[in-house]
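The values are calculated or read from the model by the stated rules, or taken from the named source; none is laboratory data. Quick caveat: nothing in here was measured; it's all calculated off a predicted structure. Using ideal geometry, Cβ is built from the backbone for each residue, glycine included, and neighbour counts are taken over all protein chains shown. Protein only, heavy atoms only, side chains kept; ligands, DNA and RNA dropped before computing areas. Shrake-Rupley method; radii C 1.70, N 1.55, O 1.52, S 1.80 Å.
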Amino acid sequence: MNYDICIIGSGAGAGPIAFELAKFGKRVVVLEKGSYYKRGDFSKDEIAYTRRSIVTPNLKDEYHVIEENLDGQWISTPTNISLWDFWNGNIVGGASNFMSGFFHRLKPFDLKLRSTFGDIDGANISDWPIEWEELLPFYEKVDKIIGVTTTTKEHPISKLFDKTANKMGINSCITPRAILSENKGKRDGCYYSNYCGSYGCSSGAKGSSREALLNPAIDTGNLTILPNSFVYKLDSDKYNIKKALYVDKTTGLKKEIKADIFVVASQAVESCRLLLNSFNNFHPNGLGNSYNQLGKNLLFSGGGVVSGEFYGSNDLPLEKLLVEGLFVNRSLKDWYKIDKKRKGGVIEVLFEHANPIRKANINKYSDDGRLLWGDELYKKLKFKFYKSKRLNFEIFNDWLPNDNCFVSIDKKYKDVYGVPVAKIRVGSHPQNEIVGNYLAKKSYNFLQKMGAKEINVDISPYPPQNLQAGGCRFGNDPRSSVLDKNCRSWDIQNLFVTDGSFMPTGGSVPYTYTIYANSFRVAEYIKTFM
């Protein structure tokens, strides 16, 4: 069968395309390398979802190679050795199944970073080829269709946060989240399980691509989803892709899909890998890579975490502190723009993850580093679980694009299917840490004013592997970008890329909201294109 649209991937960049084009009457097929988990398949099993490769590939079979700068030299290490896992939610709906759902919009100057703040030595900053006003109606569409709310139930500590912010003259912002507080269509409202981020949602409240977009698209009768389908190459002539070549992971058989239009949305690293591995005589360096821009300017997120311990007080009695499941739902944006020359970031406030194994594991040592056991360990864990709670200030600031953060392929290393794996160089620009540390000081002071104890600061140059963007930058000039302003390949007429790969800069927020919005924008263009 020949489809109108073939989408590789099923997460935030894929869902809006499938949703809009299926409703538009087009025959759409989604090729997803992972399994098809339904709502009832999810659980809050820490071992299954955060300790084992249940929803991501086994690193023995599928892995990456990470290049780190160690003592001035770039050293490559396969992740099946280091166990530094860069996979994120490889099931139908992708990583959107496991997000925390913090949905902050980019600000107008985020799209004009170079024009607003000027050049930074060693950073490849570029303005976006579209205006913020072009994105705005699609943010609003996400709010309506995905479901973005500020009305989920709040933990009692939120009042202490608001009180502290008021005393300090700081704005306390309610965090918008892609989590329903009430039932919506076939989706139920949040039931406050205490296990949100890193876990699939059993109620449908979380605005994953699967729940909010793919399920309704299936109801049109125009969408086919093929899970366990690993696309290893896009077969093309000089101007168009003819078919997607994939492995049916359930049978091991190689198959193909033909379509008029192909949309790649496999998350930034894997999208770059697929296009690089799709080289042929017409495109010897990979698809869309005539000017060697493919894989360049990979983005993660700068920042880190500042956290403090709370033990109960007159402002927040212990019984209220220990309430479980409810969200803090607060963020700080006063330093999103530091001054005319410096961009800042957002500080997201939430409790440390509820995972009990993780919590016990990090508390098994004494203050002097001695491994505890027996009664001594029991007393410490009992205190940590029943007498205290740790509050995290998660810092998000721009990861500046630079020449030492990119994706390539390493033909020396191949996965279980014989396909070269992605090599990821993870060089961080010094400005990432400078801004992160600035925001960490603000966070530290705020936690102190709230009454927190044992405050820890962790700002790192290492990338958070769950926040990926860039690598297929869009722009107005094919010499410095992979895609045009509509996320269509300059080289291949029927190829679009709609995950976070398109972003020249990422802003100082999690990327999912903007990926959704941009994908809806591109879907409108594809309708006219067809």
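To the nearest 10 degrees, how steep is helix 430-450 against the longest Cα principal axis of the chain, on a 0 to 90 scale?
The angle comes out near 30 degrees.
Per DSSP helix of 4 or more residues, -39500 (n - 2.57); summed, then divided by the residues of the chain. What does that give at 222 nm, rounded to the nearest 500? Present the calculation step by step, with values, prior to reporting the outcome.
Details: 12 runs with 119 residues, N = 530.
So the helix-based figure for the chain works out to -6500 deg cm²/dmol.
What whole number of Å gives the distance from the Cα centroid of the stretch 287-330 to the Cα centroid of the stretch 485-527?
Using only Cα atoms, the two centres lie 24 Å from each other.
Rg and Dmax of the chain over Cα atoms: what are they, in angstrom?
Final numbers for Rg and Dmax: 22.8, 72 Å.
Determine the per residue accessible area of the stretch 313-408 with all protein chains present and a 1.4 angstrom probe, expressed in square angstrom.
Heavy-atom SASA per residue in the stretch 313-408 reads 52 Å².
Between Ala123, Gly471, Ala217, whose Cα lies farthest towards the positive end of the dipole of the chain when Lys and Arg beta carbons carry +1 and Asp and Glu beta carbons carry -1, centred on the Cα centre?
Value: Ala217.
Quick one: check the C-alpha center-to-center distance for the stretch 121-177 versus the stretch 1-77, whole angstrom.
After rounding, the separation between the Cα centres reads 26 Å.
So what's the angle, to the nearest 10 degrees on a 0 to 90 scale, between helix 132-142 and the longest Cα principal axis of the chain?
It is inclined by approximately 80 degrees.
Among Leu274, Phe161, Leu447, pick out the residue whose Cα is farthest towards the positive end of the charge dipole of the chain, where Lys and Arg carry +1 and Asp and Glu carry -1 on C-beta, about the Cα centre.
The one lying farthest along the dipole's positive direction is Phe161.
How big is the dipole moment of the stretch 1-152 about its Cα centre under a simple scheme where the beta carbon of each Lys and Arg is +1, that of each Asp and Glu is -1, and everything else is neutral? Debye, nearest 20, please.
Details: 16 positive and 21 negative charges, 167 e Å.
Dipole of the stretch 1-152, to the nearest 20 debye: 800 debye.
Loop only per DSSP, at most 11 neighbouring Cβ atoms within 10 Å: give me the chymotrypsin sites (Phe, Trp or Tyr not before Pro) in the stretch 369-425, ordered by residue number.
Numbers: sites: Trp373, Tyr378, Phe383, Phe385, Tyr386, Phe393, Phe396, Trp399, Phe406, Tyr413, Tyr417; in loops: Trp373, Trp399, Tyr417.
When the chymotrypsin sites (Phe, Trp or Tyr not before Pro) of the stretch 369-425 are filtered for loop state and at most 11 Cβ neighbours within 10 Å, Trp373 remain.
In the chain, what percent of the accessible surface is made up of carbon and sulfur (1.4 Å probe, ligands and nucleic acids excluded)? Could you put the intermediate results ahead of the total?
Working: 10530 of 21890 Å².
Looking at the chain in its full context, I get 48 percent from C and S.
Counting heavy atoms of the protein chains only and a 1.4 Å probe, report the per residue accessible area for the stretch 187-300 as a whole number of Å².
Numbers: 4120 Å² over 114 residues.
The answer is 36 Å² per residue.
What is the angle, in °, between the Cα long axis of helix 374-386 and the longest principal axis of the Cα atoms in the chain? Nearest 10 is fine, range 0 to 90.
80
Heavy-atom accessible area per residue, the stretch 51-135, 1.4 Å probe: how many Å²?
45
State which stretch of the chain is the longest one without any exposed GluC sites (Glu not before Pro), exposure meaning a DSSP loop state and at most 14 other Cβ atoms within 10 Å. Intermediate values should be presented prior to the final figure.
Details: sites that count: Glu131, Glu182, Glu324.
Answer from the scan: 325-530.
Taking R0 as 45 Å, what FRET efficiency do you get between Asp237 and Ile357 from their Cβ-Cβ distance, rounded to the nearest 0.05?
That pair, Asp237 with Ile357, gives E of 0.30.
Can you give the accessible area of Arg370 in Å² (nearest 10), computed on protein heavy atoms with a 1.4 Å probe?
110
Mind putting a number on the dipole of the chain about its Cα centre? Charges go on the C-beta only, +1 for Lys and Arg and -1 for Asp and Glu, and I need it in Debye to the nearest 20. Display every interim value, and only then the final one.
Working: 70 positive and 58 negative charges, 137 e Å.
Result for the chain is approximately 660 debye, rounded to the nearest 20.
Mind ranking Thr50, Thr151 by accessible surface for me, highest first, 1.4 Å probe?
Details: Thr50 55, Thr151 90 Å².
These residues rank, largest area first, as Thr151, Thr50.
Counting only other residues whose beta carbon sits under 15 Å from that of Ser82, what net charge do I get with K and R as +1, D and E as -1? Present the calculation step by step, with values, prior to reporting the outcome.
On the way: positive: Lys60, Lys423, Arg425; negative: Glu62, Glu67, Glu68, Asp85, Asp410.
Spelling it out: positives minus negatives among the neighbours equals -2.
At a probe radius of 1.4 Å, what is the per-residue accessible area of Ser76, in Å² to the nearest 10?
Ser76 has an accessible surface of roughly 50 Å² with all protein chains in place.
Among the aspartates and glutamates, which fall within straight-line cross-link reach of Lys112, defined as a Cα-Cα distance under 14 Å, with same-chain neighbours fewer than 8 residues apart omitted?
Leaving aside aspartates and glutamates fewer than 8 places away in the same chain, those within reach of Lys112 are Asp127, Glu131, Glu133, Glu134, Asp398.
Just grab the label-to-label distance for Asp71 and Lys320, each label 7 Å out from Cα along the Cβ direction, in nm (one decimal).
My value for the distance between the label points is 5.5 nm.
Could you give the size of the charge dipole of the stretch 119-230 about its Cα centre, using +1 on the Cβ of each K and R and -1 on the Cβ of each D and E, expressed in debye and rounded to the nearest 20? Provide the component values of the computation, followed by the final result.
On the way: 12 positive and 14 negative charges, 169 e Å.
With only Lys, Arg, Asp and Glu charged at Cβ, the dipole is about 820 debye.
I want to check the label-to-label distance for Lys60 and Trp373. Put each point 7 Å from Cα in the C-beta direction and report it in nm to one decimal.
2.9
Which of Gln73, Ser35, Ser53 sits closest to the plus end of the dipole of the stretch 22-73, meaning its Cα is farthest towards the positive end, when Lys and Arg get +1 and Asp and Glu get -1 on the C-beta?
Of Gln73, Ser35, Ser53, it is Ser35.
What does the accessible area of Lys453 come to, in Å² to the nearest 10, when a probe of 1.4 Å is used?
Its accessible surface works out to 110 Å², give or take rounding.
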